[in-house]
Structures are given as C-alpha cells and as structure tokens.
Amino acid sequence: MNPSVSFPFSGAILAGGRSSRMERDKAFLPIAGQPLIARQAALLRSLGTDDLIISGRPDTDYAIPDARLVHDPIPDAGPLAGLVAVLSAAHHPWVLILAVDLPHLTPAFLRSLLHSGAGRTGIVPRTAYGWEPLAALYPRTLLPAAEAALRSGRYSLQPFIDQAEHSGTIRRLLVPSENHALFTNWNSPEDLPASS
C-alpha cells in the first residue's frame with residue numbers, strides 16, 4: 001500500500017466491452033510504447049494497490065502479471081456488469097475503478113479520489129455533463145444494489161449513482177471545467193492520436 005493512502009483498496013480495470021466502434025480491442029491500443037491496459041495497470045499500481053483486477057473478455061490474455069481476470073456476470077450489459085464483477089472479486093472494502101479507454105487520467109487525480117474517500121465513503125467525479133463513474137472509488141457495500149440493478153435490466157450507471165449518492169454510500173467530487181479533458185475517452189478511431 002502506498003504510504004500516502006491510509007486504507008487498503010483494490011484496483012480494477014474495466015476492459016470487457018466489445019470495442020465495436022473502435023473496431024479493435026481498446027485494451028491493446030498503443031500509448032507511450034505500451035498497450036493501454038498496461039498503462040492503466042501501472043497507474044493503479046503506482047497508487048499502492050496490492051489487489052489488481054481486470055474485468056475483461058473471456059477469450060483474451062491481457063498479459064498483466066499478478067492481475068486477476070474476472071468476467072461480466074451478464075454479457076453485453078455495459079459497465080454495470082463490470083462493476084458487479086469487480087466488486088464481487090475485490091479483496092478489500094474499497095475498489096478504485098478505471099476504464100481501460102481513459103488514457104488521460106493522472107496519478108494526482110486518482111490520488112485525490114482516494115484521499116477524498118479516505119476509507120469512509122465512495123467518491124464519484126461529477127462534471128457539468130453528469131457523473132464520471134468509470135474513474136471512481138466504490139465501496140464493496142454497493143454490491144447488492146449493483147446486482148439488483150443488473151438483474152432488473154437497469155444498466156445505466158447515471159441513475160444508479162444518483163441513488164447511491166442519495167443513500168449516502170457515495171459522495172460527488174466536483175470536477176472543474178479545466179479538468180474535463182481527463183475524462184476524454186478513446187471510443188472510435190477518430191479519437192486516437194495520429195501515431196496510433
């Protein structure tokens with residue numbers, strides 16, 4: 001555990017999507033000479049997690065040493081299914097989640113999530129456009145609610161996070177407009193740098 005973080009947490013990468021708009025697996029897009037998933041794994045490990053989980057596709061070897069691979073309990077159910085998978089598998093009461101296709105997030109921002117939660121509450125960033133639930137700190141106590149939403153087909157994370165905030169399970173971290181670019185994702189070939 002990173003000495004600057006006062007509580008143990010699991011780190012999880014959500015990489016189970018079909019990448020249909022990208023037309024290739026986003027986990028293996030190159031960034032700074034390495035696959036994107038390796039960059040995200042290194043980022044989470046730099047923050048001090050000793051429990052790294054990848055929610056990925058069953059037929060894929062992500063080649064991340066000492067990471068545990070889990071699969072969505074319901075295929076093609078979006079990020080909520082990945083959230084259920086990693087909360088179910090986590091060794092610690094807190095899980096820092098990072099989508100594989102968010103290449104601009106920084107150690108400093110993720111560390112601010114950990115410090116804001118401080119082992120007392122979940123933290124989900126919120127911009128002027130809504131929640132950013134794929135770079136967030138979740139408590140494992142959210143698992144029953146996430147499983148219930150998944151079973152009932154309520155896959156959208158926006159109302160799910162609204163309810164979690166209302167219940168006091170998570171708090172928002174307001175993100176100023178100058179930091180919105182941190183959440184720019186690589187969703188289609190047009191989003192990639194020219195060298196990718």
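The values are calculated or read from the model by the stated rules, or taken from the named source; none is laboratory data. Since we're looking at a predicted model, the values are computed, not measured. In this analysis, Cβ positions are derived from the backbone assuming ideal geometry, glycine residues included, and neighbour counts consider all displayed protein chains.
Return yes when H104 is part of a loop (DSSP other than H, G, I, E, B) and touching a strand residue (DSSP E or B) at 6+ places or on another chain (Cβ under 6 Å) and no when it is not.
Working: part of a loop (DSSP other than H, G, I, E, B): yes; touching a strand residue (DSSP E or B) at 6+ places or on another chain (Cβ under 6 Å): no.
The answer is no for H104.
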Among the residues in segment 107-123, are any closer than 26 Å to P176 by Cα, touching a helix residue (DSSP H, G or I) at 6+ places or on another chain (Cβ under 8 Å), modelled with pLDDT under 95 and in a loop (DSSP other than H, G, I, E, B)? no
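Would you check if there is a residue in segment 19-33 being closer than 30 Å to G153 by Cβ, assigned to a loop (DSSP other than H, G, I, E, B) and modelled with pLDDT of 95 or more?
No.
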Within segment 96-106, considering residues that are out of contact with any helix residue (DSSP H, G or I) (no Cβ under 6 Å at 6 or more places or on another chain) and among the aliphatic types (A, V, I, L, M), the one farthest from Y138 (Cα to Cα): L102
In segment 42-86, residues that are assigned to a helix (DSSP H, G or I), out of contact with any strand residue (DSSP E or B) (no Cβ under 6 Å at 6 or more places or on another chain), buried (at least 16 other Cβ atoms within 10 Å of the Cβ) and of a type in the set (A, V, I, L, M, F, W, C) total 5
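Look at segment 107-116 and say how many of its residues are surrounded by fewer than 20 Cβ atoms within 10 Å (Cβ to Cβ) and either within 12 Å of the chain's Cα centre (by Cα) or not aliphatic (A, V, I, L, M) (or both).
If we filter segment 107-116 for residues that are surrounded by fewer than 20 Cβ atoms within 10 Å (Cβ to Cβ), which is where we start, we get 107-109, 111-112, 115-116.
After this cut, where a residue has to be either within 12 Å of the chain's Cα centre (by Cα) or not aliphatic (A, V, I, L, M) (or both) as well, the list is 107, 109, 111-112, 115-116.
Total satisfying the criteria: 6.
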Note on segment 158-186: residues surrounded by 13 or more Cβ atoms within 10 Å (Cβ to Cβ), touching a residue at least 40 places away in the same chain (Cβ under 8 Å) and part of a helix (DSSP H, G or I) are F160, A164, E165, N179, H180, L182, F183
Which residues, counting only those in segment 123-172, are in contact with an Asp or Glu (Cβ under 9 Å, 6 or more places away or on another chain) and farther than 15 Å from V86 by Cα? V124, P125, R126, W131, R171, R172
Which one is nearest to H180 (Cα to Cα), of the residues in segment 87-106 that are surrounded by 21 or more Cβ atoms within 10 Å (Cβ to Cβ) and among the small types (G, A, S)? A99
Just the residues that are touching a helix residue (DSSP H, G or I) at 6+ places or on another chain (Cβ under 9 Å), part of a loop (DSSP other than H, G, I, E, B) and over 15 Å from T169 (Cα atoms), please, taken from segment 124-157. A128, Y129, E132, L134, R154, Y155, S156
With criteria (1) in contact with a Gly (Cβ under 6 Å, 6 or more places away or on another chain); (2) more than 23 Å from V5 (Cα to Cα), P73 comes up short on (1)
